[in-house]
Amino acid sequence: MANWLQKQWLTFTPWHLLLLPISWLFLIITAFRRLFYKCGFLKSHRLPIPVIVVGNINVGGAGKTPVVIWLAEQLKQAGYKPGIISRGYGSDLVGVASVSPTSNPNAVGDEPVLIVMRTACPVFVGARRVEAGLALLKAHPECDILISDDGLQHYALQRDVELVVVDGAKGFGNGALLPAGPLREPKSRLKTVDAVVSNGSAANLKALIFSPVIAMQLKATAFCNLSDRQSLAAPADFTGKTITAIAGIGNPDRFFNQLSAMGLNFKRKAYNDHYQYRAQDFESLKTDIVIMTEKDAVKCTSFAQPNFWVLPVSAGIDAQLMAIILNKLDKLRS
């Protein structure tokens, strides 16, 4: 069903005669919900420190996690002590939990585990972002700024800076709201955010968006062995070997294209976003090398084999984004 919907979201088909009326109802509900929060009919909460929300208006992955990691690193360099909250999508969590590098991704979510591994920042997860934020601040009162991984539509949490991440290749599909299209909110929502980060080319988006559009590129260096993190490899080290690349992320083709650009020939296996891997998933693979994303890797560590390799990536983002954020934070202080 999910794959069928994603195909419908690329264009308009006869099915949209049924889907569009539901989308119009969704638009009305979305607009009134935001209005009710703005007018105070629905209660929103302000935390005692500034909050930066990194979210999107599309369903599916757009590359928020690399942006959150980059932002945490940049804030540290600027003298801040960031904490990070997340919903923990795909987990079976009830309530609020602290995340550590050894946390079970099934319990707290794959992205929060990856974020805490890469940033070493305090990370708390919970469906209610306000409760997660308060729990984090109670445990880590030294934090003076909070990053919310996702949560653009979680208006119960007031925010000071809003960043939206967009997949530059996919864009906004057919531009319709759920379920006729991939949008959680109309594109006009982007007029109100502080900046839009385009994962990939931003050329197609600048004409559609009034907020500053900042280009981001994901940069990879060396492959890292999952069972021996000290062991690194270059693409040339895999010459003459059979390779299977797996990806359980929002846009698997982005990962596969990146591997192709590195000169690798491989078999592709795409899974649903946040797929919970099991050792049995790899038993039938007849291949010399298995390559995966960092997000996949945190769920495969417990049964990692010597032929499991990970491709870590870092976000390369124009310095203009940090200038926008710091300028907004300076205004809050004054």
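The values are calculated or read from the model by the stated rules, or taken from the named source; none is laboratory data. Quick caveat: nothing in here was measured; it's all calculated off a predicted structure. As a convention, Cβ positions derive from the backbone with ideal geometry for all residues, glycine included, and neighbour counts pool all protein chains shown. Areas reflect the complete protein model, heavy atoms only, side chains present, ligands, DNA and RNA absent. Shrake-Rupley method; radii C 1.70, N 1.55, O 1.52, S 1.80 Å.
Tabulated values for the structure
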quantity: Unit charges at the beta carbon, dipole of the chain: most positive-side option, I249, W70, A195; calculated: A195
quantity: Carbon and sulfur %, accessible surface of segment 124-233 computed with the full protein complex present, 1.4 Å; calculated: 54
quantity: Acute angle (nearest 10 degrees) that the helix 252-261 long axis makes with the longest principal axis of the chain, alpha-carbon atoms; calculated: 50
quantity: Cα gyration tensor shape of segment 33-174, rounded if a/c is under 1.5, else prolate or oblate by comparing a/b with b/c; calculated: rounded
quantity: Prolate/oblate/rounded label for segment 3-55 (Cα gyration tensor, a/c 1.5); calculated: oblate
quantity: On Cα atoms only, tilt of 16-39 relative to the major axis of the chain in degrees; calculated: 60
quantity: Positive-end extreme of charge dipole, segment 289-334 - chosen from N327, V313, I289 (charges on Cβ); calculated: N327
quantity: Cβ-placed point charges (K, R +1; D, E -1), dipole of the chain about Cα centre in debye, nearest 20; calculated: 820
quantity: Relative contact order, percent, the chain [alpha-carbon distance under 8 Å, six or more residues apart]; calculated: 19
quantity: Three-way shape call for segment 45-99 based on the alpha-carbon gyration tensor, with the a/c threshold at 1.5; calculated: oblate
quantity: Given K76/K191; K219/K267; K295/K328; K64/K295; K241/K286; K241/K267, the pairs whose alpha carbons are separated by over 20 Å; calculated: K76/K191; K219/K267; K295/K328
quantity: Rounded to whole Hz, the Karplus (6.51, -1.76, 1.60) HN-Hα couplings of segment 127-140, x for glycine and proline; calculated: 4, 9, 4, 4, 5, 5, x, 5, 5, 5, 5, 5, 7, 9
quantity: Answer label for semi-axes √(5λ) of the Cα gyration tensor in Å (calculated), chosen among (1) 45, 23, 15; (2) 35, 23, 18; (3) 32, 25, 19; calculated: (3)
quantity: Solvent-accessible area, 1.4 Å probe, carbon plus sulfur percent, for segment 1-82; calculated: 68
quantity: Accessible area of segment 237-292 belonging to carbon and sulfur atoms, whole % at 1.4 Å probe; calculated: 44
quantity: Hits among aspartates and glutamates - C-alpha to C-alpha of K331 under 19 Å, sequence gap 8 or more where chains match; calculated: D144, D160, E162, D194
quantity: Over segment 286-334, relative contact order from alpha-carbon pairs under 8 Å, at least 6 apart, %; calculated: 36
quantity: Helix-only CD estimate at 222 nm, as mean residue ellipticity for the chain, using -39500 (n - 2.57) per DSSP H run (n ≥ 4); calculated: -9000 deg cm²/dmol
quantity: Accessible area per residue, Å², the chain with all protein chains present, probe 1.4 Å; calculated: 48
quantity: Helix 64-77 axis, angle to the chain major axis (alpha carbon atoms, nearest 10°); calculated: 80
quantity: Highest-fluctuation residue, F308, F266, F32 considered, GNM on the chain with Cα pairs under 10 Å; calculated: F32
quantity: Straight-distance crosslink candidates among lysines, where the alpha carbon sits under 17 Å from K7 and sequence neighbours closer than 8 are dropped; calculated: K170
quantity: Relative contact order for segment 66-148, counting Cα pairs under 8 Å that sit 6 or more residues apart, in percent; calculated: 39
